[in-house]
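Step one of this worksheet: look at the structure below.
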Amino acid sequence: MARYLGPKCKTCRAEKTKLFLKGERCSTAKCPISKKAGPPGKGPKSRQKKMSDYGIQLREKQKLRKIYCMLEKQFKITFVQAEKIAGKTGENLIMLLERRLDNVVFRMRFATSRNQAHQIVSHGHILVNGKRVTIPSYRIKEGDEISIAERSKKMIVIKESLKEYSKSGVVPWIELDPDTMKGKFLAVPRRSEVTELAAINEQLIVELYSR
């Protein structure tokens, strides 16, 4: 599957916000957004363009899509699924995104970024309820147990990532035992609990797809 392989920081600069694509670096002074760097491109004109309503809606969709490291087709499919669930479509969309296996692996501190989590899942290092799952978009259910495969527990990249657990723990809807490298997806989070997306206006995405 085709994926964007260019500079991750350039993507954040284009969206003018942190998308947390490079793990710990995003929380340091090295992050170009922390330095208030402008969007990529030469000259001040590219920074002064006034966006149309469509442009604003499109940028909001692009931000959310890139945060979860998804391609356009996959993101659109998830949106269509969110429309079929009772309740607010925008909130349903975020709940479905939070249930992706690669996102849950990232939330459990087995990876420093969703991109890295995508790789860890694809390479067969993750078990769901004791069975190996290699599909990053696999949808986790309440009560599912996610763990590191026995042969993968010595991987330095996973051990290094788990150090973040001792600093900031995990989100409330996830339980983790860092010693056994096992965790549980306790519940689907409410929209208000996903504080990382506080700046995202999902209603703009609903309006974009409703055109």
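Every read-out reported here was derived from the displayed coordinates using simple, explicitly stated rules and does not represent laboratory data. These numbers were taken from a predicted model, which means no experiment stands behind them. FYI the Cβ positions are ideal-geometry reconstructions off the backbone, even for glycines, and counts take in every protein chain you see.
Taking 0.36 nm per residue of separation and subtracting the Cα-Cα distance, what length does fully extending residue 170 through residue 50 add? Don't skip to the end; give the middle numbers.
On the way: separation 120, 0.36 × 120 = 43.20 nm, distance 3.89 nm.
Computed gain between residue 170 and residue 50 is 39.3 nm.
Quick one: length gained pulling residue 211 to residue 138 fully straight, 0.36 nm per residue minus the C-alpha distance?
Once the chain is fully extended between residue 211 and residue 138, it gains 23.4 nm.
Where does the charge balance sit around residue 88 when Lys and Arg score +1, Asp and Glu -1, over other residues with C-beta under 10 Å from its C-beta?
Its environment carries a net charge of -1.
Give me the distance in nm between label points sitting 7 Å out from Cα along the Cα-to-Cβ direction at residue 159 and residue 74, one decimal.
Here the answer is 3.0 nm between the modelled labels.
For 174, 148, what's the fewest-to-most ordering of other Cβ within 10 Å of each Cβ? Could the numbers behind the result be given before it?
Working: 174 20, 148 23.
In order of increasing Cβ crowding within 10 Å: 174, 148.
Under the rule a/c < 1.5 gives rounded, and otherwise a/b versus b/c splits prolate from oblate, where does the range 101-185 land using the Cα gyration tensor?
Verdict is rounded for the range 101-185.
List every residue whose amide H lies under 5 Å from the amide H of residue 174, counting only residues 5 or more places away in sequence or on a different chain, with H placed 1.01 Å from N in the peptide plane.
186
Within the range 152-183, list the trypsin sites (Lys or Arg not before Pro) lying in a DSSP loop whose Cβ has at most 11 other Cβ atoms in a 10 Å radius.
154
Pick out, in residue order, every one of the GluC sites (Glu not before Pro) in the range 122-211 that is DSSP loop and has at most 11 other C-beta atoms within 10 Å; say none if there are none.
142
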